[in-house]
Amino acid sequence: MTETQPPANGRPLAERVATRLLYPTTRPREKSLRAAVSGRVILITGASHGIGKASARKLAASGAVVLLVARTVDDLETVAADIRAERGVAHAYPADLTDFDAVETLARNLLAEHGHIDVVINNAGKSIRRPIDQSYDRFHDFTRTMDINYLGPVRLLLSLLPHMRERKQGHIVNVSTWGLLMPPTPRWAAYGASKGAFDTWLRTVATEIAGDGVTTTSIYMPLVHTRMSAPTDFSNIPGLTVDEAADLICHAVTARPREIAPWWQAPVQAWTDLGRSQAARFMERAFRLGRL
C-alpha cells in the first residue's frame, strides 16, 4: 500500500500518521471501561449521529444504560434499536435543546423515570464558519449557536445538578473544541464565542460542585471528520474519526481527568498569552492572504 492509497478506513497512511502524532488518543481497557460504566445511567446529547452515536454504542456495549437525546426522532430511534440489537440498554428522548421549557421538562422526566443520572455527556453542538462581513444581517447565527452550545446545556444541568450534588456523585463531560486553546481564528466568531461561554461556565461551576463529589472533564476535541464539520473543506487537515473521538469520551468517563487536550496545547497557549498582539497579527495576516 502506498501513501496515496486509502486504507480500509478511508484515510491515507500519511494522514493517519499525522493524526497519531498531533492528536494521540487514549482508549481505556475494556475491563476498566466496564468497571466504570456498567449499570451507570449516562445521558448523551447529540446522540443520533457522529461522536454521540459512536460514544453511546461503546458505552452501552460496556454495560451502561444510555439515555439518548437529539432532535430527530427517527434517527434517535434507529440508534437505540441498534444498541438493543447488540444487547445493550438504550432509551431515546427526542428533544430540542434550544427549547428551554422542553429541556426542563426533559430533565424532570429523566429523573422521574431513572431516579438519577450518573454521567452527562454534553456533545450536541452547532458549528458556523462565516466571515463577519457576511453576518451583518444574520444575527440569528449568533443566537442559535449560543442557544445550542451554551444556554441549552446550562438549562439542562441546572435541573440535574441538584440531584447529583445531593447524591454526592456525578460526572459531567463537555465536548469542547481545541479552537479555544488557539488564538481567535477568523470566520469562527459565532461558534468560538458560544463554545467559550459554556467552557468558562462549566469550569467555574466545577469549583463549586467538587466538594459535593461531582466532577467535570473538558475535552478540547481536535478536528473530527463528521457531518457537522463536513460543510467546511477540511480534507487536507488531519483529524480524528468518530470512533477515535468516542474513545476520548470513554477515557473521560473512565479516568475522569479535569481536561483532555492535544499535547501541544500548553506551548501554544503560552505563546498566545505572552504574545497576544503577535498572535493576533499572525491571524490577521493569514486571513488577508486567504489562508484561513
Among residues of segment 1-34, those that are modelled with pLDDT under 75, more than 29 Å from Val268 (Cβ to Cβ) and either in contact with a strand residue (DSSP E or B) (Cβ under 8 Å, 6 or more places away or on another chain) or open to solvent by 90 Å² or more (accessible area, probe 1.4 Å) (or both), counted = 3
Criterion violated by Leu111 - all others in (1) under 21 Å from the mean Cα position of the chain (by Cα); (2) closer than 16 Å to Arg155 by Cβ satisfied = (1)
Are there any pairs with C-beta distances below 9 angstrom linking a residue in segment 185-196 that is part of a helix (DSSP H, G or I) to a residue that is aromatic (Phe, Trp, Tyr), with the two at least 6 apart or on different chains, and if so which?
-> Ala189/Phe142; Ala190/Phe142; Ala193/Phe142; Ala193/Tyr150; Ser194/Phe142; Ser194/Tyr150; Lys195/Tyr150; Gly196/Tyr150
Out of segment 94-129, which residues are buried (at least 17 other Cβ atoms within 10 Å of the Cβ) and among the aliphatic types (A, V, I, L, M)?
-> Ala95, Leu97, Val103, Leu106, Ala107, Leu110, Ile117, Val119, Val120, Ile121, Ala124, Ile128
By residue number, the members of segment 200-240 that are more than 30 Å from Leu13 (Cβ to Cβ), open to solvent by less than 20 Å² (accessible area, probe 1.4 Å) and either acidic (Asp, Glu) or modelled with pLDDT under 95 (or both) are none
Identity of the residue in segment 114-147, of a type in the set (Val, Ile, Thr) and modelled with pLDDT of 95 or more, that ends up nearest to Trp188 (Cα to Cα) | Ile132
Starting from segment 243-265, keep only residues that are of a type in the set (Lys, Arg), then list their pairs with residues that are in a helix (DSSP H, G or I) whose Cβ atoms are within a distance under 9 Å, requiring at least 6 positions of separation or different chains.
-> Arg256/Ala36; Arg258/Arg203; Arg258/Ala206
If a residue has to be among the hydrophobic types (A, V, I, L, M, F, W, C), without any contact (Cβ under 8 Å) to a residue 24 or more places away in the chain and open to solvent by 30 Å² or more (accessible area, probe 1.4 Å) to count, how many in segment 39-93 make the cut?
-> 3
Identify the residue in segment 146-199 that is among the basic types (Lys, Arg), in contact with a helix residue (DSSP H, G or I) (Cβ under 8 Å, 6 or more places away or on another chain) and within 29 Å of Gly39 (Cα to Cα) and, among all such residues, is least open to solvent (accessible area, probe 1.4 Å).
-> Arg155
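The values are calculated or read from the model by the stated rules, or taken from the named source; none is laboratory data. Note that the structure is predicted; figures quoted are calculated from it, not measured. Note that each Cβ is placed from the backbone with ideal geometry, even for glycine, and that neighbours are counted across all protein chains shown. Remember, those area values only see protein heavy atoms, side chains included, never the ligands or the DNA or RNA. Shrake-Rupley method; radii C 1.70, N 1.55, O 1.52, S 1.80 Å.
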